[in-house]
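Engineer: Take a look at the following structure, please.
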């Protein structure tokens, strides 16, 4: 069996972060003449802009690329996470995995439900795969199920 490698998209993460920063700046500029005499809608708009800016700027520093590689011959999963400040590497061996299940984030009604895998380890700990990074197909349940089945096939061989 061949190695299976999936990489997150830091470009998508960067685009989202820049959009949050731009929205914050637009709100702050649009409501710069807010009425400070009380709690008004214009003050709320300005403060929302400040909040978005405060979320977005540190978000630029948190942009990372995550690579998950499954090595069927070595019977392990290698998770590499690279950001501006550090490189984090984690190995999970197949014999450490008790089960794999599909998990969700978000809700169906607002259309932002994303799917990822959770490895239940024999130590009692859980480890999420394909989360929270920006992976292709993260909003598609069928793709997540296919990843789960493929990983289970690798583990069971």
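Conditions (1) out of contact with any helix residue (DSSP H, G or I) (no Cβ under 6 Å at 6 or more places or on another chain); (2) free of Cβ contacts under 8 Å to residues at least 40 places away in the same chain; (3) within 17 Å of residue 10 (Cα to Cα), marked per residue:
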| position | (1), (2), (3) |
| --- | --- |
| 101 | yes, no, no |
| 104 | yes, yes, no |
| 107 | yes, yes, no |
| 121 | no, yes, no |
| 127 | yes, yes, no |
| 131 | yes, yes, yes |
| 134 | no, no, yes |
| 143 | yes, yes, no |
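Engineer: Just the residues that are surrounded by 14 or more Cβ atoms within 10 Å (Cβ to Cβ) and outside any loop (DSSP other than H, G, I, E, B), please, taken from the stretch 103-120.
Structural biologist: Step one: filter the stretch 103-120 for residues surrounded by 14 or more Cβ atoms within 10 Å (Cβ to Cβ), giving 103, 113-120.
Scanning the stretch 103-120 gives 103, 114, 115, 116, 117, 118, 119, 120.
Engineer: Right, here's the next one. Would you tally the residues in the stretch 1-49 being touching a helix residue (DSSP H, G or I) at 6+ places or on another chain (Cβ under 6 Å) and either surrounded by fewer than 15 Cβ atoms within 10 Å (Cβ to Cβ) or under 19 Å from residue 83 (Cβ atoms) (or both)?
Structural biologist: The total comes to 4.
Engineer: Another question about this same structure. Here's a check for you: in the stretch 83-98, which residue that is surrounded by 11 or more Cβ atoms within 10 Å (Cβ to Cβ) and under 10 Å from residue 64 (Cβ atoms) is modelled with the highest pLDDT?
Structural biologist: 88
The values are calculated or read from the model by the stated rules, or taken from the named source; none is laboratory data. Treat the numbers as computed from the prediction; the structure is a model and nothing was measured. Cβ sites come from the backbone with ideal geometry, for glycine too, and all protein chains shown count toward neighbours.
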